[in-house]
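Structure first, then comments.
The values are calculated or read from the model by the stated rules, or taken from the named source; none is laboratory data. As the structure is a prediction and not an experimental result, all values here were calculated from the model. Ideal geometry is used to build each Cβ from the backbone, glycine not excepted, and the neighbour counts take in all protein chains shown. Remember, those area values only see protein heavy atoms, side chains included, never the ligands or the DNA or RNA. Shrake-Rupley method; radii C 1.70, N 1.55, O 1.52, S 1.80 Å.
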Amino acid sequence: MPNLDDTKALLELDTDGMFDAAWSLAEQCTEAWGLSQQVALPEQSRPVSQIVVTGLGGSAIGGDLLRVFGGPLLPVPVLVNRDYTLPRYVGEDTLVFVVSYSGNTEETLSAYDEAKSKGATIVAITTGGKLGARAAADGFPVVQVPGGIAPRSATGYLFIPTLGVLERMGFLRGMQAEVEGLVAYLQELREKYGPANPTGANPAKDLAGKLYGRLPVIWGASGTTEVVAMRWKGQVNENAKTPAYWNVFPELNHNEVVGLEKAENILASTWFVFLHDPDDHPRVKMRMDITKRMMAKAAGCTDVEASGPNRLARLYSLIYLGDYTSLYLAALYGINPGPVKVIDFLKAELAKRP
Ligand code: PA5
């Protein structure tokens, strides 16, 4: 098994600078907040009664972060749309964040066109591409974020601006302090999770060692860590190029656990990660505890607790651990975490079929 403390080898394998991007997430969030304060606000023809974030993959996860983080704060619902089309109810009373890091994702461009034709209030978040050009030509605000990293490494650029814009539009309050708390905490956490901190003292390296050669199953809780579970799965898939699954309590107690009853062979090579947040419902905490006892008879289990000075930092504390863990898992498999050839291939094939 490769030595995760051989920092030179680790970084040599990582030709796209995924470790560097993870390290500078704090600075990315600060910059993203600044961008959200400079962008022009959209003109609204009608008061906003719902928010839609439309995007795919690494550009959509910020929508789920907004949905979960904003759940207890926002007076209107947030829908995350990962499709070519939008729900019928989207109209002049809908604020649509159209998010595509490249600006060229065909589903997102299609959803943009539909949002425009329905008269929605639009804000684009992108490095440029066709989305940047179209939105600017149509007179919609564009949060233009820096390029050069993978979309999944750009959650700060793609998510934080939604908080800034929504605060300026009167939907949220206190976001600057929230982001500042997050930034300070990320700077602290990177010392713990970063490559220089050795195995044994580094929770991300240690967890990667447990997931190595096993099927990672990430279980979170509705309304708190659900987005984190989804993110961990995606990061393991894209960085370590290996399968992973996620689900949420309490729902998984009503189906998935039954499907594992007779799955000794699968469980023997599965590792469960239980994500915890202080805001988890007390009955969900009990459910997690009971379920873990059941799973631990046949599979490995790790509990991970959210930490940090505020809700945003708590959410990101878990995301950050998952990001680093997936990078170390890639290293253990001897895999370059950056390239996503399968996604590139699919996009190229689709582009040949206009
Ligand atoms: O991680 C990735 O590269 C993908 O999940 C992309 O984010 C996804 O394909 C959408 O592309 P974009 O973010 O450029 O809109």
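Exactly one of these conditions fails for Val76: (1) within 20 Å of Val165 (Cβ to Cβ); (2) more than 16 Å from the ligand (Cβ to nearest atom); (3) without any contact (Cβ under 8 Å) to a residue 40 or more places away in the chain. Give me its number.
Every listed condition holds for Val76 apart from (3).
Quick check on segment 76-118: of everything there that is among the polar types (S, T, N, Q) and out of contact with any strand residue (DSSP E or B) (no Cβ under 8 Å at 6 or more places or on another chain), which residue is surrounded by the most Cβ atoms within 10 Å (Cβ to Cβ)? If you could, list the steps in order and put the result at the bottom.
Step one: of segment 76-118, the residues among the polar types (S, T, N, Q) are 81, 85, 94, 100, 102, 104-105, 108, 110, 117.
This time we only want the ones that are out of contact with any strand residue (DSSP E or B) (no Cβ under 8 Å at 6 or more places or on another chain), so: 85, 104-105, 110, 117.
Working: Thr85: 12, Asn104: 17, Thr105: 25, Ser110: 15, Ser117: 9.
Residue satisfying both the conditions and the ranking: Thr105.
Does Thr121 fit the bill of being more than 17 Å from Glu31 (Cα to Cα) and open to solvent by less than 10 Å² (accessible area, probe 1.4 Å)? Outline the logic, then answer.
Working: more than 17 Å from Glu31 (Cα to Cα): yes; open to solvent by less than 10 Å² (accessible area, probe 1.4 Å): yes.
Here the answer is yes, as Thr121 does meet what is asked.
Considering only segment 116-135, state which residues are away from the ligand (no atom under 15 Å from the Cβ), among the small types (Gly, Ala, Ser) and within 30 Å of Tyr316 (Cβ to Cβ).
Ala120
Of the residues that sit in segment 54-73 and are more than 16 Å from the ligand (Cβ to nearest atom) and assigned to a loop (DSSP other than H, G, I, E, B), which one is least open to solvent (accessible area, probe 1.4 Å)?
That would be Gly71.
Has segment 151-159 got any residue that is in a loop (DSSP other than H, G, I, E, B), in contact with a Gly (Cβ under 8 Å, 6 or more places away or on another chain), in the same structural domain as Phe97 (by TED's automatic domain parsing) and of a type outside the set (S, T, N, Q)? Give the steps one after another, and end with the answer.
Residues of segment 151-159 in a loop (DSSP other than H, G, I, E, B): 154.
Filter again for in contact with a Gly (Cβ under 8 Å, 6 or more places away or on another chain), leaving 154.
Restricting the remaining residues to those that are in the same structural domain as Phe97 (by TED's automatic domain parsing) gives 154.
Going one step further and asking which of them are of a type outside the set (S, T, N, Q), we end up with 154.
Yes, segment 151-159 has at least one match.
Tell me whether segment 308-322 contains one or more residues that are in contact with a Lys or Arg (Cβ under 7 Å, 6 or more places away or on another chain), among the small types (Gly, Ala, Ser) and in a helix (DSSP H, G or I). First the steps, then the outcome.
Step one: filter segment 308-322 for residues in contact with a Lys or Arg (Cβ under 7 Å, 6 or more places away or on another chain), giving 308, 319, 322.
If we keep only those that are among the small types (Gly, Ala, Ser) as well, we get 308, 322.
Checking the rest, the ones that are also in a helix (DSSP H, G or I) come to 322.
For segment 308-322, residues in contact with a Lys or Arg (Cβ under 7 Å, 6 or more places away or on another chain), among the small types (Gly, Ala, Ser) and in a helix (DSSP H, G or I): present.
Residue-by-condition table, conditions (1) among the small types (Gly, Ala, Ser); (2) buried (at least 24 other Cβ atoms within 10 Å of the Cβ); (3) at pLDDT below 95:
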residue: Thr242; (1), (2), (3): no, no, no
residue: Leu252; (1), (2), (3): no, no, no
residue: Ala263; (1), (2), (3): yes, no, yes
residue: Thr270; (1), (2), (3): no, no, no
residue: Ile290; (1), (2), (3): no, no, no
residue: Asp303; (1), (2), (3): no, no, no
residue: Ser307; (1), (2), (3): yes, no, no
residue: Asn310; (1), (2), (3): no, no, no
residue: Thr325; (1), (2), (3): no, yes, no
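Of all residues in segment 266-281 being assigned to a strand (DSSP E or B) and touching a residue at least 60 places away in the same chain (Cβ under 8 Å), which is farthest from Gly213 (Cα to Cα)? I'd like the intermediate steps shown before the answer.
Keep residues of segment 266-281 that are assigned to a strand (DSSP E or B), which gives 270-276.
In the following step, the residues that additionally are touching a residue at least 60 places away in the same chain (Cβ under 8 Å) were identified as 271, 273.
Details: Trp271: 10, Val273: 15 Å.
Among those that are assigned to a strand (DSSP E or B) and touching a residue at least 60 places away in the same chain (Cβ under 8 Å), it is Val273.
Working carefully through the options Trp232, Trp246, find the one that is within 16 Å of the ligand (Cβ to nearest atom), open to solvent by less than 20 Å² (accessible area, probe 1.4 Å) and within 30 Å of Phe345 (Cβ to Cβ).
Details: Trp246 fails: open to solvent by less than 20 Å² (accessible area, probe 1.4 Å).
Matching residue, one of Trp232, Trp246: Trp232.
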